[in-house]
Amino acid sequence: MPLLVGAVVAASLQGVAGWWLNSGRGVAVTLAGVFACAVLFAWRGGGSRRRAAALWVGVMAGLAACLVATGPGTIWPIVLVVSAGLTAVTTLAGTRIGGLLHHRRGARP
Amino acid sequence: MGVPRATALSAVVFVLVLAGAAGSAWGVKAADGPTPARPVQALKGRPKPAPVTAGDRGTTYHALESEVVRATTRFADAVATASRTPDGHLATRLTDLAGNEMVGFQVHRVDAETDSLDYTTPGRQTRHAARRAGLRPTLDWGNQQAYSLWKDRDGLDRGALEWQDTLMRPAGARRRDVDSDAVQADVEWPGGFTGTVTKKVATHASYADGRQTTGPVYVGRLKRDGIEVGSSQWWPKEQAFAWSFPGLTEGYVNVARLQGAGGWPLTPDMAWINTQNMAFYRFHTLANSRTASSGRGGGWLAKLGGLVSPRLLANEPGCDGLHWMDQSIYRPCCDTHDLCYRAQTPACSSSSWWRWWDSWQCDACNFDVVYCFATGGGHVYYRFP
């Protein structure tokens, strides 16, 4: 489920401001979307690394598909590496925060 | 909807130019009568632009330089000031440090291929000469030529003149590097822009190995209405050029980074630094405004449609797919990579990354850009007082 949602969310967010790494707005919108997904999945099911990894793989699959569709530029491997780094950090941060929320909810009497 | 507007504007301009051309062609035909038809020479592909030389620095350079209103070059013993006359001629006045006029030098445009060069010394007969082929006169060149002829004043009466690279000298005169004699160059553009380049000796961390290096440096500053908008530095010993235009662009290039693109096509001098600074400001400001306008407007359907039929070209100026970083220190990495790709025969493309067995030259470009991205973050631009 996280894999599919990640791919769909990442791909559809590219429709908001074009390819996300071409503008600051695109970066903000895409990372906010990925972060929200990571928080949501971790909050509902706990902050498992497997779920976070699935989400990240899905996001990267969606982004890579969009990059191919829009025409990969002359430095596309670097673009993918930058994409992977930014989305990985965001996914981890979102999963961590979602995991904390999940534990707080579980600990509530 | 930036693209349809741009397309419509381009179409209107094209139709106007076409109509103007047709009208002028008709006018010529009406005046001269029918002319014999001549076959059109076909070209195989798009011809490459002429290589940049010391005398001809390319269309973009000369287009920007042609807008300069006044150029002043300060030497240790004289000051040369060149300006454009309303009829398009170039006029240089060389004075001593107290402001007394010593010589005058003019470039009179005769036609597209011919210029008349006039050198005037008070109390002496004016000397006339024809411009050398392949030399495009600039205000800075006029200053250098006037100063050089003044320095050669004792030898001028003795015999003929000859061209030594881009300068007229008395025949057989010992070579002189006028550019290194200059200590400061100031230019004025319309719109309140002024540029200044000064020569200094300074210490900085080498771009090649990071060690502290002392040597000559040319520091260029561009101002608008007296407020600095950016600066640059040329380190001749290192062959490194660094720049910083806050909010627009920052970075450096040196021999290593330009290796894939064939190295430096010319030796930067004060005039080039001033023109390059103006180019940084103007073209990056323009690119920013276009990015801002193309990002506005257009609904969801248009944006989704853009994903299916991409508007962006596969190879654009800047970092393709990473234009977010176009104003960062990574921009020179991308531009150098683009130059490197274009310099190969056949030119490399995005597919060169996975078709690595096809051409090692493309792989060299790719290796360079990866190395540039991996190490570019270490660069710090130091401003000098």
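The values are calculated or read from the model by the stated rules, or taken from the named source; none is laboratory data. This structure is a prediction, so every number in the text was calculated from the model and none was measured. No Cβ is skipped: glycine too gets one built from the backbone with ideal geometry, and neighbour counts run over all protein chains shown.
Would you confirm, using the coordinates I've provided, whether A:V57 is within 23 Å of B:R355 (Cβ to Cβ), of a type in the set (A, V, I, L, M, F, W, C) and without any contact (Cβ under 8 Å) to a residue 60 or more places away in the chain?
On the way: within 23 Å of B:R355 (Cβ to Cβ): no; of a type in the set (A, V, I, L, M, F, W, C): yes; without any contact (Cβ under 8 Å) to a residue 60 or more places away in the chain: yes.
In short, no.
Would you say A:P2 is at pLDDT below 85, closer than 30 Å to B:G318 by Cα and either within 11 Å of chain B (Cβ to nearest Cβ) or crowded, with 16+ Cβ neighbours inside 10 Å (or both)?
Details: at pLDDT below 85: yes; closer than 30 Å to B:G318 by Cα: no; either within 11 Å of chain B (Cβ to nearest Cβ) or crowded, with 16+ Cβ neighbours inside 10 Å (or both): yes.
In short, no.
Does A:G71 count as small (G, A, S), more than 14 Å from chain B (Cβ to nearest Cβ) and more than 13 Å from the chain's Cα centre (by Cα)? Working first, answer last.
Details: small (G, A, S): yes; more than 14 Å from chain B (Cβ to nearest Cβ): no; more than 13 Å from the chain's Cα centre (by Cα): yes.
So A:G71 fails the test.
Please pick out the residue among A:A36, A:A52, A:A28 that is crowded, with 22+ Cβ neighbours inside 10 Å and aliphatic (A, V, I, L, M).
Details: A:A36 fails: crowded, with 22+ Cβ neighbours inside 10 Å; A:A28 fails: crowded, with 22+ Cβ neighbours inside 10 Å.
Testing whether each residue is crowded, with 22+ Cβ neighbours inside 10 Å and aliphatic (A, V, I, L, M) leaves just A:A52.
Listed here are the residues, each with its yes/no results for (1) surrounded by 14 or more Cβ atoms within 10 Å (Cβ to Cβ); (2) more than 19 Å from the chain's Cα centre (by Cα); (3) charged (D, E, K, R).
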| residue | (1), (2), (3) |
| --- | --- |
| B:Q125 | no, yes, no |
| B:H128 | no, yes, no |
| B:R131 | yes, yes, yes |
| B:L139 | yes, no, no |
| B:L167 | yes, yes, no |
| B:R174 | no, yes, yes |
| B:F193 | yes, no, no |
| B:D209 | no, yes, yes |
| B:P216 | no, yes, no |
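Test A:V16 against the criterion of being within 14 Å of chain B (Cβ to nearest Cβ) and touching a Gly at 6+ places or on another chain (Cβ under 8 Å), and give yes or no. Give the steps one after another, and end with the answer.
Details: within 14 Å of chain B (Cβ to nearest Cβ): yes; touching a Gly at 6+ places or on another chain (Cβ under 8 Å): yes.
Yes, satisfied.
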